[in-house]
1. Can you work out the accessible area per residue across segment 278-432, with the rest of the protein chains kept in place, probe 1.4 Å, in square angstrom?
2. Dividing the convex hull volume of the Cα atoms of segment 328-420 by its residue count, what figure in Å³ per residue is obtained?
3. Name the residue farthest towards the positive end of the dipole of the chain from the options Thr160, Ala255, Gln188, assuming +1 on Cβ of Lys and Arg, -1 on Cβ of Asp and Glu, about the Cα centre.
4. For Gln110 and Gln281, calculate 0.36 nm times their separation in residues minus their Cα-Cα distance, and state this gained length in nm to one decimal.
5. So how strong a dipole does segment 18-119 carry about its Cα centre when Lys and Arg Cβ are +1 and Asp and Glu Cβ are -1, to the nearest 20 debye?
6. Take the alpha carbon gyration tensor of segment 1-154, find the square roots of its eigenvalues, order them as a ≥ b ≥ c, and report rounded if a/c is under 1.5; if not, report prolate when a/b exceeds b/c, else oblate.
7. Modelling each spin label as a point 7 Å along the Cα-to-Cβ direction, I'd like the Asp184/Asp371 distance in nm, to one decimal.
8. Give the accessible area for Phe87 in Å² (nearest 10); use a 1.4 Å probe, count only protein heavy atoms, and leave out ligands, DNA and RNA.
Amino acid sequence: MEGFELIGVGFGPSNLAVAIAASELGAATPRQLFLERQPRFGWHRGMLIEDATMQVSFLKDLVTLRNPASRFSFLNFLHESGRLIDFINNKTLFPLRVEFHDYLEWAAAQIDDVVRYDRTVVAVRPVTHDGVVDEFEVTSASADGSARETHRTRNLILGTGLSPRLPEGVTASDRVWHNRELLDRVEQLGDTTPRRVVVVGAGQSAAEVTGFLHDRFPSAEVCSVFSRFGYSPADDSPFANRVFDPGAVDEFYSAPEDVKQQLLGYHANTNYSVVDTEVIQDLYRRSYRERIVGKERLRFFNVSRVIDLHDSPTGVSLTVESLSTGQKTPLDADLIVFCTGYTPGDPTDLLGDLGNECRRDQAGRVRIGRDYRVVTTPQVRAGIYLQGGGTEHSHGLASSLLSNISVRAGEILASIRQQPAAQHTVPQAVAV
């Protein structure tokens with residue numbers, strides 16, 4: 001089996017940033033490998049709506065905050081694509097999401113020698129020397145399970161992303177979707193035109209999906225259901241945005257637990273269940289215009305929730321209940337899209353028995369060092385690093401977002417490089 005200094009599980013933007021940071025070390029570049037279950041690089045492909053824009057500045061790309069001179073910057077991507085001047089003339093910090101995805105693909109393609117796609121990690125086992133775990137064996141399988149590979153590493157970086165969340169009791173189907181798969185599902189409809197669609201949620205994705213479906217199906221009624229009185233605008237003011245600064249991570253990490261919870265609550269409106277003002281205004285203008293012309297296809301059920309959802313081969317029946325009056329409105333729809341967010345999984349699920357060696361806090365959450373390394377028992381000296389939503393409780397709101405992705409990659413890599421060298425030889429190229 002091959003030996004590596006670091007193996008990354010997942011190859012989304014977070015681990016892509018680590019791979020880039022490592023590649024820029026020149027002769028000091030560690031031997032690295034990333035295992036990705038998708039057949040090719042992709043980041044929220046189902047929500048690459050044509051006119052949707054990024055919610056973070058292009059300067060918060062994979063590298064710029066860590067290394068402004070990097071050739072992997074978004075600006076260099078524009079230069080090589082022949083669009084730099086055109087982008088500058090567009091006078092925006094927020095590129096189209098489609099274009100930023102093109103940038104991520106461009107960056108991933110330049111270091112594709114360190115990633116193996118169509119590989120799902122199925123097991124992580126400890127390798128013990130003199131009673132100390134100083135390596136891991138990582139086994140991955142192809143999509144059909146026919147091909148398995150096992151590799152050794154001194155450091156493991158878990159960047160497996162988030163799982164789509166559906167309300168309790170709701171199961172995805174051909175007519176019940178999570179917005180993560182929106183574009184693929186719409187494409188599968190072919191020439192079929194829905195008569196009525198329902199969108200559930202109050203955040204950016206819900207508002208974007210509502211507008212997209214309203215455009216895509218010009219004869220369909222689009223019903224938006226959310227528990228708030230109206231869409232809440234995202235707070236992207238300069239002072240509030242400081243919560244995403246690299247220095248804010250230090251302040252958050254060192255704060256007492258009650259202060260951390262206060263900060264998460266105070267600034268949730270920078271990220272959760274909020275919508276860009278321009279998108280809100282666009283939807284309002286659509287609704288008002290339809291009232292004027294007397295053809296109202298866009299309906300909003302505010303302070304409401306969906307109950308009694310029944311899915312069948314011919315359609316979806318549901319009831320919209322007003323939370324303020326209790327009034328119930330029955331609806332028949334051709335499909336329903338839940339824009340209900342994502343859930344971070346337990347990072348130890350992949351580790352098997354190694355999960356028992358990971359320390360937890362009083363709330364049962366995995367303890368994580370400032371360098372994103374999981375705190376383990378003394379018997380585990382090999383490094384386990386965590387990226388994504390599983391670090392929000394320790395590192396703050398930016399932990400699963402792009403804002404600090406380049407700085408975080410550099411911090412993880414620096415921590416790995418500071419570890420003492422192993423006292424034995426890693427086996428190389430042994431057939432499994």
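The values are calculated or read from the model by the stated rules, or taken from the named source; none is laboratory data. Since we're looking at a predicted model, the values are computed, not measured. Neighbour counts run over all protein chains shown; Cβ positions are idealised from the backbone, glycine included. With ligands, DNA and RNA removed, areas are computed over all heavy atoms of the protein, side chains included. Shrake-Rupley method; radii C 1.70, N 1.55, O 1.52, S 1.80 Å.
1. 52
2. Hull volume normalised by residue count: 173 Å³.
3. Positive-end residue among those listed: Ala255.
4. 57.6 nm
5. 320
6. prolate
7. 3.7
8. Approximately 20 Å² for this residue.
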